[in-house]
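Input: a single structure, listed below in structure tokens.
Since every read-out is calculated from the coordinates, none of them should be taken as a lab result. Since this is a predicted model, take the numbers as computed values, not measurements.
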Amino acid sequence: MHCWGPNNDDGHLDVPADVRFSQISAGNRYTCGIRVDGGITCWGNNNHMKLEAPAGRFTALDAGWDHACALGANGPVCWGWNANDRATPPLDAPLIAIGAGAEHSCGLTVAGALQCWGKNDNGRADSLPGPFRDLAVGTAHTCVLRSDGTPFCQGENAQGQSDFPATPFDAITAGDDHTCGTRRDGPLECWGAESQISNVRLTAPDGIFASVSAGYRQTCALNNEGQAACWNHPFVTVPTPPYDSLNFEAAVPDYRQQQPVEAFPWPGGGLLIADLAGQIAVYEGGLEPRQILDITDKISTRAGEKGLLGVALDPEFESYPYLYVYYTARSEHEGGEPGARLSRFPVVDGQATREDELVMLEHPGLYNLHQGGSLRFGPDGMLYLGIGDGFECSECARFTDTLLGKIIRIDVRGATAEQPYRIPDDNPMVEDPDSRHEIWALGFRNPWRMAFDSRTDELWVADVGAGYEEEVSIVTKGAHMGWPLYEGFLCRRGPSENCDAVAETTLPIATYNHSHGCAVIGGVVYRGAAIPQLEGAYLFGDLCSGRIWALVGKGSGDQAVLEIANLDALVVSFGIDADGEVLALAFGGHVLRLVEAAEGYSGPETITPRVTTPPVPTT
């Protein structure tokens, strides 16, 4: 057996050696198979104990998003994430087929009835009398074949699942938001959600196929000769000249810390680099680094996404020499969790004075995750701050009486202890007495890194997804980015009217799923001079896969996302040097500069790029 695709450090492609399987099923970053002896072996990511397969002999298996189900001599059994009783099958009728989705499971009884259990949003888990002859369970929808072979689907109809064809099929398969089947007359047919970028995954290849399997935004089929054909959501285009000659080199070989999160030019020369632990220093031309500020004793880094998260200089630094820092403080707030704090430090003779810290904004930390932390001055001179939803309050992202899940915009000029900031008169919520007037945009899960385009003044924001999509957006005044109703282009709350009610939702410029990584890292729009082919491209990356992408042709019919590098490191942030060239920051102490590789260039000294190519199966 052979598996291929991004392994994402979970090992779900690492097939156990010397084990023979009769069936196999792939879930969300894990894989399970029925061995020839009837037992089950699982491998990959073990969140929610989804690898803890029960003992016994089994005849059928399906791996869902975070739980799996199988049929054995004693009936159905499920394991993994047990929320909403999705892993507790009914035992009132023997089953002959079984399927697992994200939060529901279904089976066919010997009489052909559909029996479902688990979360039942929009009827995805409705049980039906039938009789039915085939079953397919998708992420949030369920499809069956009637006795005459025609399909019926229920569940996430907002994604087009209700538009199923009237022709008879031999078999069907359900993916995330699309369904495919082998028609009785031979060809494949697919239906469901059209991608906002392309509907290629609904366009099945020509030919006669014996079987088909739909996954997350991709589909594969086997013809009668055993040859495979796959097609998918075309997020990434393989780079071609002139984009295939780019690489990264060490920008600060003597960087001494391990977790850089910010880097930008320091007035008077050098590069300011801030570390997650709380140290900020200027590095200049091989000279001894000059410490600007050390607040390690003030910062909570005890768990999760905590630490020094954002740094910005006053845009009129010569007249207003202030350093602004957003960090998770050790001071205890209601609930016993450290809070997130925005502070201003005066800079005197090149040093920020700790004792003159002005705390401008504090809010309790709800959890260890989703702190946000992007801190940027806009072209209007206002200070913008991205704040996450706190993890435990995703609904807060759409409520305007809290700053959680928002980008805020404040005027910090002339700040005092009595009035640490002012609300700009043109903020979108200033006329609403029930809303926080600091809000500039809402509907974010965890906005991690944002940047203004120095040419167009557009605000680019990357918002980290949950289980489905990572997204990149251009955010404007009053924009509602959709979370938690939307995740990328996906409506999480079917039926459609639940998402259509947020009619003003701003959809992203681009999204990608977790076959490409796990968490988007927002970058910058390239306006440098050294790599002219990147002019106007938005550069961003992914934390887990180390991939760096360039989005070119924004908003046009020629828009494409090109993979320009693949770094063997945890990329966490981007920056700009004094020449306008792009920097990538990675844990492990790497501050890298994007360059156009010269002929014979062998790669950077401090970090080795890797190129991942799906292997060609040989057996």
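When we measure straight from the Cα of Lys50, which lysines land under 25 angstrom away, once same-chain ones fewer than 8 places off are left out?
Lys119
Around Tyr486, which amide H atoms from residues at least 5 apart in sequence, or from another chain, sit under 5 Å from its own amide H, with H modelled in the peptide plane?
Those qualifying (amide H under 5 Å, at least 5 residues apart or on another chain) are Arg492.
For the stretch 171-192 and the stretch 396-439, what is the separation of their C-alpha centers, rounded to whole Å?
A separation of 49 Å, based on Cα centres.
Roughly how many whole Å is it from the C-alpha centroid of the stretch 108-144 to that of the stretch 501-542?
One Cα centre to the other: 38 Å.
Excluding residues fewer than 8 places away in the same chain, name every one of the lysines whose C-alpha is closer than 21 Å to that of Lys554.
Correct list for Lys554: Lys477.
Under 30 Å Cα to Cα from Lys298, which lysines show up? Leave out anything in the same chain fewer than 8 places away.
Lys306, Lys406
How large is ³J(HN,Hα) for each residue in the stretch 139-144, as worked out from phi by the Karplus curve 6.51 cos²θ - 1.76 cosθ + 1.60 (θ = phi - 60°), to whole Hz, x for Gly and Pro?
Residue by residue, the stretch 139-144 yields 4, 9, 8, 10, 10, 9 Hz.
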